[in-house]
Amino acid sequence: IYAIKPQTKSIAFKEPEYVHKFGCNKVVRISFVNYMHQRVSRFQGQVINSFEIHLFDSVGLGADIEYIEFAVSKQVKKLVLDFSNSVWREVIIELLVCVYTQNSLQSLCIYACRFDPFKFANPELLRSLCVGWTELDSMMIEGQIKELVVENYDFPLMSCFFDLPSVDIFKYSGHIFCLDFEKVNMVIKEAYLDFGVEGEYEDEPTESHIAQGEIPCVCVIQECHDPDFMLRDLEAQHLVLRTKLHLKEFMGIRILLENCPVLQTLTFDYVPPDSSFCSKTITYRGIDRQTYWLQNISYKCLIKTLKAVVFKKFTGSLDQLHMLNFLVRTGPECVRSLERVDK
């Protein structure tokens, strides 16, 4: 094994790639840790811009603390600590004190690693934060963060408050719950909201909440029982909806159309149901899939601003055709602004 050259600025250790090449057993895992140790011990540089470590489980391997401290000692700017495992959701380690006090850290990505957002000694320096596969004791995330990514996170009381006046990029993947922005950048460049983990539409509905924000967003939408509580008007001009076009999504789609009064481009990113999922449901809570989009209801964006509808993965199903018909048809007293439909 060769020494890492002094001019090297990025180091990444990815166990999933290693075991894919050499197999998955205890001997291979120990070999991977030894490989990391030799690489790190021969590093001759003074500064590292980016350091990543991806381990299925560091328990008993002694690989976590040693390499985190190594990265911090090299004034790392981007630190990725991924100890997640798809088999279970268990926190592996606590974020080390040396990470909280690091004065060079600008980007932090941690999975299956418990942390406290209030412990950072220099929170104004952190520009990007990505967290996932663990739980947060605090109900508030704040700071001058430019990018926040939250994946499969457990929040207390199924709600969280955000005080992020400088955020440009916000991404959330996980269960639907209340996301409340106390302060937020009014010109957010990108938001991604994915509630796909809610499951394949159980027979018994659960309470669901659409996130709120004034931003372009990507959403998987499920049923909504309290539309007025779900969303305020958005300044989104371009909206992407990841959807199965299931009956339980119809109300959520309408909520977004109603609250995007200046929408110009609407893209449907169709998500085909899993092969094991087959819905023969024709009606749900009074919603009939054959007639729901035939109602003579329109929204401000459909009449005044919407110029393009894009349908990705178009298959020509009845649900897709009903949706397109609703978007393109012109009522007797309105002239819509729609210019094109792309498939």
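Mind ranking 248-257, 95-104 by how tightly packed they are, going by the mean number of other C-beta atoms within 10 angstrom, highest first?
Working: 248-257: 20.9, 95-104: 15.8.
Output ranking for 248-257, 95-104: 248-257, 95-104.
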| Given a Förster distance of 41 angstrom, what is the FRET efficiency for V341 paired with D180, based on the Cβ-Cβ distance and rounded to 0.05? | 0.70
| task | Give a residue-ordered list of calculated ³J(HN,Hα) values for the stretch 30-47 (Karplus: 6.51 cos²θ - 1.76 cosθ + 1.60, θ = phi - 60°; whole Hz; x for Gly, Pro). | result | 5, 4, 5, 5, 4, 4, 4, 4, 5, 4, 5, 5, 9, 5, 10, x, 9, 9
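Which entries in the list K248/K313; K146/K312; K77/K189; K189/K304 go over 26 Å, if you measure between the two C-alpha atoms of each? Before the final figure, lay out the partial values.
Numbers: K248/K313 20 Å; K146/K312 30 Å; K77/K189 23 Å; K189/K304 23 Å.
The answer is K146/K312.
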| request: Please give the contour-minus-distance gain from M140 to T101: 0.36 nm per residue of separation, less the Cα-Cα distance, rounded to one decimal in nm. | output: 12.0 nm
| task | Take peptides 21-34, 160-173 and line them up by average Cβ neighbours within 10 Å, highest first, as a rough protection proxy. | result | 160-173, 21-34
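Can you sort L125, L179, L318 from fewest to most other Cβ atoms within 10 Å of each residue's own Cβ?
L318, L125, L179
Every number in this text was worked out from the coordinates using simple rules, so none of it is lab data. Since this is a predicted model, take the numbers as computed values, not measurements. Counting neighbours? That spans all protein chains shown, and the Cβs are built from the backbone with ideal geometry, glycine included.
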